[in-house]
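Let me begin by presenting the structure, written as structure tokens, before commenting on it.
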Amino acid sequence: MRRRDFITLLNGAATAWPLAARAQQPSMPIVRCSHLGLQDTVLEAGFRKGLSELYRFALTIIIAGMLAGFPLDLFAMDFKTIGNQLILSGPVVGDELGKTQKLFAGSPSIDTVILRNSSGGNVPTGYRMGELFRAKGLQTAVSGYCYSSCSRMFLGGKTRFFTDDFPPEYTHVGFHGHYDDHGHLLVKEIQAFGLKKWIVKYSDGKADPALVERWINIPVNIGMIHFYDPDLFKRDGVSTFMCQGSEPMAQSVLGCEPIQKSALDLGIVTSLAIVKSNDQVEVRAMLGERPKASGFAAIDDIGKFPLTGENGRQEYRRFLAAVLPRAVALSTDAKFFSWRAGVFDAMAQALARCAQASSQACKLYAVDDDVVWTTN
């Protein structure tokens, strides 16, 4: 079996994950198509998972991969060294500390760690990696999203920055507490690790203890406090948002509580200077040009969505609850639509799926948090 075939198999197998375990692991790709509001799931390759649920699923795919002849490293956090930068991406599975120490020993010129599109994972490793980065006086920078255990790696940097590899609405750090298999808060584990004191310490004393107390006690693990670059991304003058996880659009922070203090104010970053990843050209090549908002409707105005029927409206609600990047496409007769989320070519895939299902031309209705639909 080829590697590509196996990854395709995994994407299909991910539909078997229990829906009740939606949790902090975001942005595995989702595709849906509908016709006249009659829902047909084409591919649903995962939802956010709780840590232990993710590990059980990971164990399954690791065993399958080993049987297929693939090395264990295929499923681990990706390590890439380019010049003075170590670029880490993907889930934190627990073996990263030893690998990183070995890599630093052989590459003394590394002074920057780029943390890219990681939904977190193993709890102790996040602490230990952050402590290692601080002890070595390294700078850290976020490229795309960095959640949960990854956020502690990020906070460990002696100096901390945003990158502009991805659009600013895709670039943020997300913090919360520790959770069980079902996404419920583990208060004793938070206390045992001293999470509150750790965050205040590694923010150089700038994090507001009362605010930290709130975010580490968010009751479900899809909730987080999200920090964006205040120079590049604001909604109504705010760049920090507290999401409890119950908001209909929590994964894009629309409708979440605005927090008046920025990432810089609270010591999440130490500067608003932009760090550029050494592979930025390669990263940006993945991104298509995004159309501008048309003014046709607000993104959450379900009544304006052209596909009629309760099933169609319900499917659009699912789109609104999905992670960024995301896009929904409509056929010209407004009888077919398809949406894609969690991948950087969401626009192209939504259009292609819609055209395939309808056998006609399709147009984008919405991209990320903007309606781009025009009636002409």
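The values are calculated or read from the model by the stated rules, or taken from the named source; none is laboratory data. Please read all numbers here as calculations on a predicted model, not as lab measurements. FYI the Cβ positions are ideal-geometry reconstructions off the backbone, even for glycines, and counts take in every protein chain you see.
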Of the residues in segment 104-119 that are without any contact (Cβ under 8 Å) to a residue 60 or more places away in the chain and either assigned to a strand (DSSP E or B) or surrounded by fewer than 14 Cβ atoms within 10 Å (Cβ to Cβ) (or both), the one that is nearest to the chain's Cα centre (by Cα) is 118
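This table checks each residue for (1) surrounded by fewer than 17 Cβ atoms within 10 Å (Cβ to Cβ); (2) farther than 24 Å from residue 344 by Cα; (3) not assigned by TED's automatic domain parsing to the domain that holds residue 210.
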site	(1), (2), (3)
230	no, no, no
235	yes, no, no
239	no, no, no
255	yes, no, no
260	yes, yes, no
264	no, yes, no
269	no, yes, no
274	yes, no, no
277	no, no, no
Taking segment 327-349 and keeping only residues that are surrounded by 23 or more Cβ atoms within 10 Å (Cβ to Cβ) and in contact (Cβ under 8 Å) with a residue 24 or more places away in the chain, one is left with 327, 328, 329, 330, 336, 337, 338, 339, 340, 341, 347
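Kindly provide the set of residues from segment 245-266 that are part of a loop (DSSP other than H, G, I, E, B) and at pLDDT 95 or above, ordered by number.
At the first step, the residues of segment 245-266 found to be part of a loop (DSSP other than H, G, I, E, B) are 245-249, 253-256, 260-266.
Listed by number, the residues that qualify are 260, 261, 262, 263, 264, 265, 266.
For (1) of a type outside the set (Gly, Ala, Ser); (2) under 30 Å from residue 245 (Cβ atoms), each residue gets a yes or a no:
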residue	(1), (2)
83	no, no
102	yes, no
110	yes, no
135	no, no
146	yes, yes
149	no, yes
154	yes, yes
Among the candidates 313, 318, 340, which residue alone is part of a helix (DSSP H, G or I) and within 18 Å of the chain's Cα centre (by Cα)? 318
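Restricting attention to segment 52-73, does a residue exist that is assigned to a loop (DSSP other than H, G, I, E, B), buried (at least 17 other Cβ atoms within 10 Å of the Cβ) and at pLDDT below 95? Talk me through it step by step, then tell me what you get.
Applying the first criterion (assigned to a loop (DSSP other than H, G, I, E, B)) to segment 52-73 yields 68-71.
Those still in the list that are buried (at least 17 other Cβ atoms within 10 Å of the Cβ) too: 70.
So of that shortlist, the ones also at pLDDT below 95 come out as 70.
Yes, segment 52-73 contains at least one residue that is assigned to a loop (DSSP other than H, G, I, E, B), buried (at least 17 other Cβ atoms within 10 Å of the Cβ) and at pLDDT below 95.
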Can you name every residue in segment 100-121 that is under 26 Å from residue 172 (Cβ atoms), at pLDDT 95 or above and not hydroxyl-bearing (Ser, Thr, Tyr)? 110, 111, 113, 114, 115, 116
